[in-house]
Amino acid sequence: MTDGLDEIRQLVSDVTEVPVEKLTPDADFFRDLNIDSLKAIEIVAAFEKKYKIVIPEDDIPNIRTIRNIMEYLDKKRE
C-alpha cells in the first residue's frame, strides 16, 4: 500500500494545509483532522484531476481517509 502513499499524502496536505506528518493512512478527515466538507470536495476534485478519473457523488462520502483514497484508486486501475 505504500505505492503512491507519499504522493497522496502530499496532495491532501497541499489542499488542506494539514501537515503531511498528521496524514496517516487511517486518520479520518472529519473526525481526526477537522477537515470540513468543502475541503473534502476539494480533495476529491484534486484526485479527479491528477489521476484523470471521475468519482461519482455517491462514492464521495465513503472517502474519509488516505487508505480509502488508495483503495479507490486501486479499484479504478483494475
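The values are calculated or read from the model by the stated rules, or taken from the named source; none is laboratory data. Since the structure is predicted, the reported quantities are computational estimates derived from the model, not experimental observations. Cβ coordinates were reconstructed from backbone atoms using ideal geometry, including for glycine residues, and neighbour counts include every protein chain displayed.
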Which members of the stretch 28-47 meet the condition of being aromatic (F, W, Y) and more than 10 Å from the chain's Cα centre (by Cα)? F30
Can you confirm whether R31 is loosely packed, with under 15 Cβ neighbours inside 10 Å, out of contact with any Cys (no Cβ under 7 Å at 6 or more places or on another chain) and basic (K, R)? yes
Could you list, in sequence order, all residues of the stretch 50-78 that are without any contact (Cβ under 8 Å) to a residue 12 or more places away in the chain, farther than 16 Å from S13 by Cα and in a helix (DSSP H, G or I)? P61, N62, E71, D74, K75, R77
Would a scan of the stretch 43-62 turn up a residue that is surrounded by fewer than 12 Cβ atoms within 10 Å (Cβ to Cβ), in contact with an Asp or Glu (Cβ under 8 Å, 6 or more places away or on another chain) and either modelled with pLDDT under 95 or of a type outside the set (S, T, Y) (or both)? yes
Pick out the one residue from E21, E7 that is closer than 16 Å to Y72 by Cα and without any contact (Cβ under 8 Å) to a residue 12 or more places away in the chain. E7
